[in-house]
Amino acid sequence: MAIELVVTDLDGTFWDADDEVHPRTRAAVDELERRGIPLLVATGRRRGSAAAPLGRADLCPPAVLLNGSLCLELGTGRRFHQQAFDTETAVALLDAWLEGGIEPVVYVDHPDIEVVVGDRPSTHPRHLAGMGPLAVFGDLHHTVATMPVLALAVIGCDEADLAAIATSVDGRVAEILVPSHGSYPGHNLHHWPLGLSKWDGVEAYCRLSGHDPSKVLAVGDSLNDLELLDRAAVSCAPTSAHPVALAAADQTVGPPETGGWADILDLL
């Protein structure tokens with residue numbers, strides 16, 4: 001079967017802990033282009049934090065962002081999918097986070113804003129520092145009541161505190177609670193609309209581009225990649241991936257710090 005589309009996660013898959021794309025991986029992307037196989041990014045990141053490291057590697061692919069909540073072409077901004085929380089759920093989620101003693105950052109759908117940060121954010125200071133001009137400080141209660149909310153998250157917090165919040169909203173959201181990426185301490189918790197996954201964005205892109213979703217090769221390393229790995233015709237995980245992702249994958253590739261992503265070329 002000929003693969004028509006390659007879909008890749010970013011953190012822990014396409015680039016290393018410093019968000020750097022290995023030269024071998026970058027060369028493999030060029031080889032995909034030479035073969036006429038497009039690349040689609042599928043990540044939990046927002047547009048700005050995905051686009052900047054990709055731009056340093058001179059890449060600007062279409063992207064499934066925030067685990068499928070927002071999907072667009074990074075170069076033009078043209079959307080091909082969006083799904084936000086309904087207002088009642090967004091308000092209830094924020095209350096659950098705050099009652100658990102954690103103030104999340106709130107990712108919104110707005111032409112000039114990507115993230116709203118409250119007065120006492122719990123996310124790691126380096127996460128805040130890297131948010132850039134599309135992050136603003138504001139009243140989180142007003143935000144969730146008046147704006148389309150795509151996701152809530154923190155990076156680098158205590159695992160037990162985050163687990164308590166996850167338990168309190170169980171069954172109302174899609175979520176991932178994992179150790180922090182790279183040099184961040186602690187754990188990360190992300191919430192996005194229930195029933196939504198990166199695969200929804202893949203299907204939306206296939207409708208836009210005319211590619212066959214049954215002819216996808218996917219690469220991912222974590223719990224938010226499981227449906228992606230399950231639905232792809234060929235699924236790959238780095239050898240450094242979460243054990244559950246490794247179990248879900250058909251094939252393994254090398255870790256990102258060695259350019260292992262390029263191993264997918266042998267599977268096409």
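The values are calculated or read from the model by the stated rules, or taken from the named source; none is laboratory data. The model shown is predicted, which means the values in this text are computed figures rather than measured ones. No Cβ is skipped: glycine too gets one built from the backbone with ideal geometry, and neighbour counts run over all protein chains shown. All accessible areas refer to the heavy atoms of the entire protein, side chains included, with ligands and DNA or RNA removed. Shrake-Rupley method; radii C 1.70, N 1.55, O 1.52, S 1.80 Å.
Computed on region 124-268, with alpha-carbon pairs under 8 angstrom and 6+ residues apart, the relative contact order is 14 percent.
Here the accessible area of region 53-135 is 49 percent carbon and sulfur, with a 1.4 angstrom probe and all protein chains present. Between amide H atoms placed 1.01 Å from N, distances below 5 Å from L74 occur with A63, all of them 5 or more places distant or on a separate chain.
The residue list A247, A232, S222 was ranked by how far each Cα lies along the charge dipole of region 200-268 toward its positive end, using unit charges on Cβ atoms, and A232 comes out on top. Overall, the accessible surface of region 153-268 at a probe of 1.4 angstrom is composed of carbon and sulfur to the extent of 49 percent. In order along region 186-196, the Karplus-derived 3J(HN,Hα) couplings, from 6.51 cos²θ - 1.76 cosθ + 1.60 at θ = phi - 60°, round to x, 10, 10, 10, 10, 10, 9, x, 4, x, 9 Hz, and Gly and Pro are given as x. When T8, T87 are compared by accessible area at a 1.4 angstrom probe, the order from most to least is T87, T8.
Projecting the Cα positions of L32, L70, L59 onto the charge dipole of region 30-74 (unit charges on Cβ atoms of Lys, Arg, Asp and Glu, taken about the Cα centre) puts L70 furthest along the positive direction.
Inter-label distance, H142 to E159: 3.9 nm, where each label sits 7 Å from its Cα along the C-beta direction.
What percentages, rounded to whole numbers, describe P(r) for the chain computed over all alpha carbon pairs with 10 Å bin width beginning at zero? Calculated P(r), rounded to whole percents: 7, 32, 38, 19, 4, 0. A crude spin-label estimate for the pair D230 and D112, with each label 7 Å from Cα along the Cβ direction, gives 4.2 nm. Highest mean packing comes first when the peptides 26-33, 191-198 are listed by Cβ atoms within 10 Å, giving 191-198, 26-33. For region 106-147 and region 26-62, what is the separation of their C-alpha centers, rounded to whole Å? If we compute the Cα centre of each part, the gap is 25 Å.
Taking Lys and Arg as +1 and Asp and Glu as -1, the other residues whose beta-carbon sits under 15 Å from that of L194 total -4.
Gain on full extension, evaluated as 0.36 nm per residue between A2 and L223 minus their Cα-Cα distance, stands at 76.9 nm. Each residue of region 145-157 was assigned a 3J(HN,Hα) from its phi angle through the Karplus expression (A = 6.51, B = -1.76, C = 1.60, θ = phi - 60°), giving 8, 10, 10, x, 9, 8, 6, 10, 6, 9, 10, x, 10 Hz with x at Gly and Pro.
Stretched out straight at 0.36 nm per residue, the stretch from T167 to A247 would grow longer than its current Cα-Cα span by 26.3 nm.
With contacts taken as Cα pairs under 8 Å at a separation of at least 6 residues, region 183-268 carries a relative contact order of 19 percent.
These residues, M1, M147, go from largest to smallest accessible area, 1.4 Å probe, as M1, M147.
Ligands, DNA and RNA are left out, and with a 1.4 angstrom probe the accessible area of region 52-148 is 47 Å² per residue.
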